[in-house]
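J.: Have a look at this one.
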Ligand SMILES: Nc1ncnc2c1ncn2[C@@H]1O[C@H](COP(=O)(O)OP(=O)(O)OP(=O)(O)O)[C@@H](O)[C@H]1O
Ligand SMILES: [Mg+2]
């Protein structure tokens, strides 16, 4: 069903100027992301994975090509307009967690709701914390948590706005393999139960094999 498509990119290019040189970080990529599927982006270091997920999450704009996110054409939009595209539609999880150290777990999770001007209902925060397995950690500070728990908070924060797409750049890159597996299980549960689409990058082939689809990049192009 075409209306299942949440993100659609055609001939996406992202070129960076570095002095007199042009780096073709992405050089003509086609990609569709549908509701309820998990897509894994693989490829060697420097192949363009982060560049691609930054485009798909409207953190960055393509140099050329067509990009539609949530039914809206976003290529050519200004940075301010891109903020509006992201709001409430996309949740982003970083490799480095990026939690606010002075806020509790519950407050970190509530933060995006406050940014959206929505009320952070205690019952809603409790639902999110239960979903990520942190019901008993609501009042803790990030420094009191393990790496895996911190990443659970980051996922909870991304889920708090009930996004339709969850995007994660090497979300298990800072975790040991066992913890990384558990975080991946949590992502898959989210796809299954909430019907969100998941796009993640990884170097871990075992995790990639558990995604519905993989895209393999090399030198800014899809090779598999
Ligand atoms: N802001 C920038 N300015 C110039 N070149 C950049 C910039 N960001 C990325 N690049 C270049 O674009 C290419 C793709 O980078 P990208 O970060 O997307 O790779 P990656 O696949 O995510 O790599 P890694 O696995 O190491 O995270 C690289 O050659 C990189 O040096
Ligand atoms: Mg990267």
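J.: On full extension of the chain, what length is gained from residue 182 through residue 126, given 0.36 nm per residue of separation minus the C-alpha to C-alpha distance?
T.: On the way: separation 56, 0.36 × 56 = 20.16 nm, distance 2.03 nm.
18.1 nm is the gain from fully extending residue 182 to residue 126.
J.: Just subtract the alpha-carbon distance of residue 193 and residue 144 from 0.36 nm times their residue separation and send over the number in nm, one decimal.
T.: Numbers: separation 49, 0.36 × 49 = 17.64 nm, distance 2.90 nm.
Stretched out fully, the residue 193 to residue 144 stretch lengthens by 14.7 nm.
J.: Here is a follow-up. When the chain is modelled as a GNM with alpha-carbon springs shorter than 10 Å, which of 83, 153, 39 fluctuates the most?
T.: Most flexible of the set in this elastic network: 83.
J.: Show that you can apply the helix-only estimate: for the chain, add -39,500 (n - 2.57) for every DSSP H stretch of four or more residues, divide by all residues, and state [θ] at 222 nm to the nearest 500.
T.: Details: 7 runs with 72 residues, N = 224.
Roughly -9500 deg cm²/dmol at 222 nm, from the helical runs in the chain.
J.: Next question. Quick check: residue separation of residue 20 and residue 212 times 0.36 nm, minus the Cα distance between them. What number comes out in nm? Display every interim value, and only then the final one.
T.: Values: separation 192, 0.36 × 192 = 69.12 nm, distance 4.05 nm.
Additional length available on full extension: 65.1 nm.
J.: Sort 97-105, 71-79 for me by packing, meaning the mean count of neighbouring Cβ atoms within 10 Å per residue, highest on top.
T.: 97-105, 71-79
J.: Using alpha carbons only, how many degrees (0 to 90, rounded to 10) separate the axis of helix 177-194 from the longest principal axis of the chain?
T.: Tilt relative to the chain: about 90 degrees.
J.: Where q = 0.18 Å⁻¹, what log10 of I(q)/I(0) comes from the Debye formula for the chain, counting one point per Cα?
T.: -1.35
J.: Taking every pair of alpha-carbon atoms in the stretch 11-119, give the share separated by more than 17 Å as a whole percent.
T.: Working: 3675 of 5886 pairs.
Tail of P(r) above 17 Å: 62 percent of Cα pairs.
Values quoted throughout were computed directly from the atomic coordinates according to the rules given, and no laboratory measurement underlies them. Note that the structure is predicted; figures quoted are calculated from it, not measured. Methodologically, a virtual Cβ is constructed for each residue, glycine included, from the backbone with ideal geometry; neighbour enumeration extends over all protein chains shown.
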